[in-house]
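To start, the structure under review is shown below, and the notes come after it.
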């Protein structure tokens, strides 16, 4: 089987719409969570979220094009433009038939259709654009159309694990020889009033409207819920032989992928599912637990999830769990559902590149059930060879990826 490497990265995030801005924000411990000041959110109980910083669709798309794109698709295209350019896929000696597009998205379609349903129920009107704009396959399809990529095209919807499974599926297609290159990752935006209120009704959102930047507190004993975010992370994966033939810079290697289902509860995770996914990723990579140097955690900032993930890490890693840094990015990025796993994987790759891990921000009160090394003091230089990235979703879908520094054989 061919080795699978990363040759391009792109982001649209609450910390910025370039990889450099995104990475600097994470390393500086900055939060992208802000007050939602638009009048449409005024009546909601939760009025905070991590919006993509300074994003203006008209700066990237003309008005006609923007009307035909969901916000999730717009973010995906912005991120894909960076990744495709970095990998030199356009005119870079790649047959477009050999380039697949596999992008996760889960909730963006709900957000895109919310205004249309309001228009229908209040005024009895609709538009022929509603269906194509609100499809969760939109981000993947729009990237394929924009660049003329004609390999396998699909969207993965596994809630918060959508991006992880998208990357994992692309990885398997490439290493099995079925595909040379894949544009993959995830994109999502939940910011429509009805969608926000639905999340509020589940009582999983942080109510900290008066202090947005401190609202998401992964692993801290005073954590009180998710903060919704939006964003897109896009990666170019490539067979090593293709990347070397094209003379591309290799940023990292995908070394393992593990997936599992909890078969337990639609919104409350069980420990056993994440344990199986982490163990499968290690087995797929041919690694022992002590070969992992850093864990980028799912870490939603909810009372249940964070202690459950901590317990799962201890089960898999044993005593090594207390020696490996465990970081949650959602205090800075919020939870962009189908986009989160891609942004967190990109963060993991940047950690490998720069040999540093960003902090888990907003950690204030130690929790005896969350007693690992969460890097709460600020960025930390680390010797990193292999990183595990966890994504655990509502519905019980779990995706775990292992990335490592690329070493030619």
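Things worth noting here:
- Residue in region 185-201 that is part of a loop (DSSP other than H, G, I, E, B), surrounded by 22 or more Cβ atoms within 10 Å (Cβ to Cβ) and within 15 Å of the chain's Cα centre (by Cα) present: yes
- The one condition in (1) within 23 Å of residue 273 (Cα to Cα); (2) in contact with a strand residue (DSSP E or B) (Cβ under 8 Å, 6 or more places away or on another chain) that residue 370 fails to fulfil: (2)
- Failed condition for residue 237, given (1) more than 21 Å from the chain's Cα centre (by Cα); (2) under 24 Å from residue 148 (Cβ atoms): (1)
- Residue check, residue 221 more than 22 Å from residue 149 (Cα to Cα) and touching a strand residue (DSSP E or B) at 6+ places or on another chain (Cβ under 9 Å): yes
- Count of region 24-38 residues, restricted to those that are surrounded by fewer than 24 Cβ atoms within 10 Å (Cβ to Cβ), modelled with pLDDT of 95 or more and farther than 12 Å from residue 212 by Cβ, is 6.
- Only one entry in 128, 96 is farther than 22 Å from residue 198 by Cβ, without any contact (Cβ under 8 Å) to a residue 12 or more places away in the chain and out of contact with any strand residue (DSSP E or B) (no Cβ under 9 Å at 6 or more places or on another chain), namely 128.
- Test for residue 99: is it over 30 Å from residue 205 (Cβ atoms), buried (at least 17 other Cβ atoms within 10 Å of the Cβ) and modelled with pLDDT of 85 or more: yes
- Hits in region 361-409 - residues which are part of a strand (DSSP E or B) and over 25 Å from residue 253 (Cβ atoms): 367, 370
- Residue list for region 6-36, filter: closer than 23 Å to residue 363 by Cβ, assigned to a loop (DSSP other than H, G, I, E, B) and either more than 17 Å from the chain's Cα centre (by Cα) or free of Cβ contacts under 8 Å to residues at least 12 places away in the same chain (or both): 28, 29, 30
- Residues that are surrounded by 22 or more Cβ atoms within 10 Å (Cβ to Cβ), in contact (Cβ under 8 Å) with a residue 40 or more places away in the chain and part of a loop (DSSP other than H, G, I, E, B) are absent from region 344-353.
The values are calculated or read from the model by the stated rules, or taken from the named source; none is laboratory data. Computed from a prediction, not measured in an experiment: that's the story for all the values here. Every residue, glycine as well, gets a Cβ built from its backbone with ideal geometry; the counts of neighbours run over all protein chains shown.
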